[in-house]
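**Student:** Take a look at this one; I'll ask things after.
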Amino acid sequence: MRIKSAPVVILSAALVTALPATSVTAQTAYVGDEISISFRGGAGSQYAIERFLSTGAPVEILETPEDAEEQYGEAALDDWIYVRDDRGDEGWVQERYLMAEAPARVRIGQVEEERDAALERIAELEDELAEQADEKDAVGEELADAEARIEELEADLEAASDGYELVETNEQLQERLARLLERNEQLEEQNTALAERSRQEWFLAGAGVLVGGLILGLILPYLRPRRRDSWGGGGL
């Protein structure tokens, strides 16, 4: 911020002491509370208003142009300050309307937003915690079931160790049963084949008897002896 030769406004002195003493281009000020100030193209109320800056609007304090004092006069520069607004436009505002920090109304709004965001995050964390609690209970139940199953398997393993010979005998019986089942299937196949062959033989035998009967029926009438005619032979 520039050094003024005229008496400094109290608010201007506050800005100088409150803002960092580094490059002036790094200093930021805010439009005062409950006011709207004009953003002009020159250092004076006679210059055109580019727009109005509302309460809490941040502006970046810039180095005063070299020809500003010659152009506007020293008195004007005691009241007006060269700034860049949040749109990136450069212009002049009256310095007495600026504050070193955001006004209370803006800060309250920011705090309320942060509070709402914090409350929302707390609600999310509570939901996540509830989900994790439910998941923990489900995992606990699964763990209890797994432990119970392990106990059952250990008991089964102990019983199996004691009855290993029975298991071995059972395997032998199962192998024997498999061989018997295989043999039974073979016998059933043979029985089926024999039944089919027997049926064919019976069919052929029946056909032979039928044919033989037909042949005999045709031959037998010719094999019977003829009876003599009692009316023939001797004459009177």
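The values are calculated or read from the model by the stated rules, or taken from the named source; none is laboratory data. Note that the coordinates shown come from a computational prediction; the quantities given were computed from them, not determined experimentally. Note: ideal-geometry Cβ built from the backbone for every residue, glycine included; neighbour counts use all protein chains shown.
**Student:** Being within 20 Å of Tyr30 (Cα to Cα) and touching a residue at least 40 places away in the same chain (Cβ under 8 Å) is the filter; apply it to region 52-77 and report the residue that is farthest from the chain's Cα centre (by Cα).
**Tutor:** Leu77
**Student:** Quick test for you: out of Ala138, Ala159, Ala117, pick the one residue that is assigned to a helix (DSSP H, G or I), outside the structural domain of Thr64 (by TED's automatic domain parsing) and modelled with pLDDT of 85 or more.
**Tutor:** Going through Ala138, Ala159, Ala117 in turn, the sole match is Ala138.
**Student:** Something else about it: Among residues belonging to region 21-36 that are closer than 15 Å to Ala102 by Cβ and among the β-branched types (Val, Ile, Thr), point out the one that is modelled with the lowest pLDDT.
**Tutor:** Only one residue tops the list, namely Ile35.
**Student:** Assess whether Glu60 counts as being closer than 22 Å to Ala104 by Cα, at pLDDT 90 or above, outside any loop (DSSP other than H, G, I, E, B) and in contact with a strand residue (DSSP E or B) (Cβ under 9 Å, 6 or more places away or on another chain).
**Tutor:** yes
**Student:** Can you tell me how many residues within region 78-93 are under 56 Å from the mean Cα position of the chain (by Cα) and within 18 Å of Ser36 (Cβ to Cβ)?
**Tutor:** 9
**Student:** Further, regarding this structure: Does Asp86 count as of a type outside the set (S, T, N, Q) and in contact with a strand residue (DSSP E or B) (Cβ under 7 Å, 6 or more places away or on another chain)?
**Tutor:** When the stated conditions are applied, Asp86 passes them.
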